[in-house]
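K.L.:
Sharing a structure below in structure tokens format, with a few things to ask.
The values are calculated or read from the model by the stated rules, or taken from the named source; none is laboratory data. Predicted model only: the values in this text are computed from it and were never measured. Because the Cβ atoms are built from the backbone with ideal geometry, glycine has one as well, and the counts that use them run over all protein chains shown. Protein only, heavy atoms only, side chains kept; ligands, DNA and RNA dropped before computing areas. Shrake-Rupley method; radii C 1.70, N 1.55, O 1.52, S 1.80 Å.
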Amino acid sequence: MNIITAKLKEVFFAVLPVTIIVLILNFTIVPLENIVIIRFVIGAVFVVIGLMIFLLGVDNGITPIGNLIGEKIAKSNRLWIVILSGLVLGFF
């Protein structure tokens with residue numbers, strides 16, 4: 001549960017600045033209808049939840065595989081494999 005709260009906090013602070021800027025612009029320069037603002041806030045909450053779930057999956061599934069592959073490539077002692085894999089990953 002500690003991992004979930006840490007990831008939720010990370011994602012919340014990543015989405016918060018954009019949400020604050022939109023709300024400040026709404027109340028100062030470009031006033032929008034209340035239903036639009038409510039939809040925006042609900043959408044921001046869904047973005048936080050979805051990004052949290054996505055990043056949990058990445059941290060638990062893809063990152064260990066990437067670390068293992070990188071470790072095996074570095075231990076291969078073949079410079080051309082290291083250079084080729086670096087070029088391919090850099091390209092993509």
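K.L.:
Take the chain, compute every pairwise Cα distance, and split them into 5 Å bins from 0; I just need the percent in each bin.
P.N.:
All Cα pairs, binned at 5 Å, distribute as 2, 11, 14, 14, 11, 10, 10, 9, 7, 5, 3, 2, 0 percent.
K.L.:
Let me ask something additional. So how far apart, in nm, are the two label points at Ile37 and Ser76 if each is 7 Å from Cα heading toward Cβ?
P.N.:
Simple spin-label model gives 5.7 nm for this pair.
K.L.:
Also, quick follow-up: Report, in degrees rounded to the nearest 10, the 0 to 90 angle that the Cα long axis of helix 34-57 makes with the longest principal axis of the chain.
P.N.:
20
K.L.:
Further question: Write down the accessible area per residue of the chain in Å², having rolled a 1.4 Å probe over the full set of protein chains.
P.N.:
Here the residues of the chain average 81 Å² of exposed surface.
K.L.:
Moving on to the next point. Helix 79-91 versus the longest principal axis of the chain: what is the Cα-based angle in degrees, 0 to 90, to the nearest 10?
P.N.:
20
K.L.:
On the accessible surface of the range 1-72, probed at 1.4 Å, how many percent belong to carbon and sulfur atoms?
P.N.:
Carbon-and-sulfur percentage of accessible area, whole number: 78.
K.L.:
Between helix 2-28 and the chain, what is the angle of the helix's C-alpha long axis to the longest principal axis, kept within 0 to 90° and rounded to the nearest 10?
P.N.:
40
K.L.:
Work the Kirkwood hydrodynamic radius out for the range 47-92: mean of 1/r over every pair of different alpha-carbon atoms, inverted, in Å.
P.N.:
Mean inverse Cα-Cα distance, inverted, gives 12.2 Å.
K.L.:
Going toward the positive end of the dipole of the chain, with +1 on Lys and Arg Cβ and -1 on Asp and Glu Cβ, which of Phe12, Ile35, Pro64 do you reach last?
P.N.:
The listed residue farthest towards the positive side: Pro64.
K.L.:
Explain nothing, just the number: relative contact order of the chain, from Cα pairs under 8 Å at least 6 residues apart, as a whole percent.
P.N.:
Normalised by residue count, the contact order of the chain is 34 percent.
K.L.:
Next question, about the same structure. Given +1 on the Cβ of Lys and Arg, -1 on the Cβ of Asp and Glu, and no further charges, what dipole in debye does the chain carry about its Cα centre, rounded to the nearest 20?
P.N.:
Roughly 300 debye for the chain.
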